[in-house]
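Student: Here you go, one structure.
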Amino acid sequence: MVNAMKEGWSTFKSIFIGMSVTIRHFFGPTVTLQYPDERYELPKNSRAKLYVNIDDCIGCNLCARACPVNCIDIETVAATADVDLGKTSTGNPKRFWLTQFDIDMAKCMYCDLCVHPCPTNCIYMVSEYEYSEFDRTNLVFHFSNLKPEMVAEVKEKAEIEAEEKKKQREEMAKKKAEEAKMKKEIEAKKKEHQKPGNDSNAPSKPDNNGGA
Ligand code: SF4
Ligand code: SF4
């Protein structure tokens, strides 16, 4: 009888405590966020995803070199002499085509080290965090805005120009080598000419066979 009363009291107490918690939260302020209809606003300096303003990129590669996990992949092609790529919004001249600018966000550890060395402030973190994927390869973000045909064209032009420059350098080197060789030969001839025993330097003997 006593045990039954004790158990009854314990049950009543448990129900009372549980219900008091429920009633307190029922009338208290709502804290549940109705995602995705509602979202928290992240702080301005939050690191959620990298973004590159490719129009301001000069292809200097500093960001890629700063990355400790090599998740930035940049390929540049030097602009040929007939092309003016203009300047960035910060006034830096653009001298390279960005044929590839990929960031693998699956590898990125959000350290922000790539952001600080950028001379044109064109790579930075943004607050966008909803970009999960089933396939990891979809987390490689491509920022180059050149179409494949354009990439092929600029590469071909750059190769032709590089070949021409190489030929010019070789011709110049050949010309210089020939000039240096000629100079050496002239100097050697001069030295030979100035030697004391050299007959060409001795005064000419009078001719005994001719005359009286
Ligand atoms: S945030 Fe860090 S890990 Fe990610 S790309 Fe930049 S340097 Fe690399
Ligand atoms: S450091 Fe800046 S300008 Fe240089 S390649 Fe990276 S994003 Fe482009």
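The values are calculated or read from the model by the stated rules, or taken from the named source; none is laboratory data. Quick caveat: nothing in here was measured; it's all calculated off a predicted structure. All Cβ positions, even for glycine, are placed from backbone atoms using ideal geometry, and neighbour counts span all protein chains on display.
Student: Among the residues of region 106-164, count how many are β-branched (Val, Ile, Thr) and in a strand (DSSP E or B). Steps first, answer last, please.
Tutor: Filtering region 106-164 down to residues β-branched (Val, Ile, Thr) leaves 115, 120, 123, 126, 137, 140, 151, 154, 160.
Still in the list and also in a strand (DSSP E or B): 123, 126, 140.
Within region 106-164, residues that are β-branched (Val, Ile, Thr) and in a strand (DSSP E or B) number 3.
Student: Right, here's the next one. Just the residues that are under 23 Å from residue 78 (Cα atoms) and among the aromatic types (Phe, Trp, Tyr), please, taken from region 96-140. Lay out the reasoning, then the answer.
Tutor: Step one: list which residues in region 96-140 are under 23 Å from residue 78 (Cα atoms), which gives 96-103, 114, 117-123.
Residues satisfying the conditions are 96, 97, 101.
Student: Take the residues in region 53-102 that are of a type in the set (A, V, I, L, M), part of a loop (DSSP other than H, G, I, E, B) and under 24 Å from residue 126 (Cα atoms), then tell me which one is farthest from ligand 1 (Cβ to nearest atom).
Tutor: Among residues in region 53-102 that are of a type in the set (A, V, I, L, M), part of a loop (DSSP other than H, G, I, E, B) and under 24 Å from residue 126 (Cα atoms), the one farthest from ligand 1 (Cβ to nearest atom) is 58.
Student: Name every residue in region 55-88 that is more than 11 Å from ligand 2 (Cβ to nearest atom), polar (S, T, N, Q) and at pLDDT 95 or above, in order of residue number.
Tutor: Once the filter is applied, which keeps residues that are more than 11 Å from ligand 2 (Cβ to nearest atom), polar (S, T, N, Q) and at pLDDT 95 or above, region 55-88 yields only 70.
Student: State whether one or more residues within region 89-112 are surrounded by 14 or more Cβ atoms within 10 Å (Cβ to Cβ), without any contact (Cβ under 8 Å) to a residue 60 or more places away in the chain and out of contact with any strand residue (DSSP E or B) (no Cβ under 8 Å at 6 or more places or on another chain).
Tutor: Scanning region 89-112, I find at least one residue that is surrounded by 14 or more Cβ atoms within 10 Å (Cβ to Cβ), without any contact (Cβ under 8 Å) to a residue 60 or more places away in the chain and out of contact with any strand residue (DSSP E or B) (no Cβ under 8 Å at 6 or more places or on another chain), so the answer is yes.
Student: Okay, moving on. State whether one or more residues within region 23-34 are aliphatic (A, V, I, L, M) and within 16 Å of ligand 1 (Cβ to nearest atom).
Tutor: Among the residues of region 23-34, not one is aliphatic (A, V, I, L, M) and within 16 Å of ligand 1 (Cβ to nearest atom), which makes the answer no.
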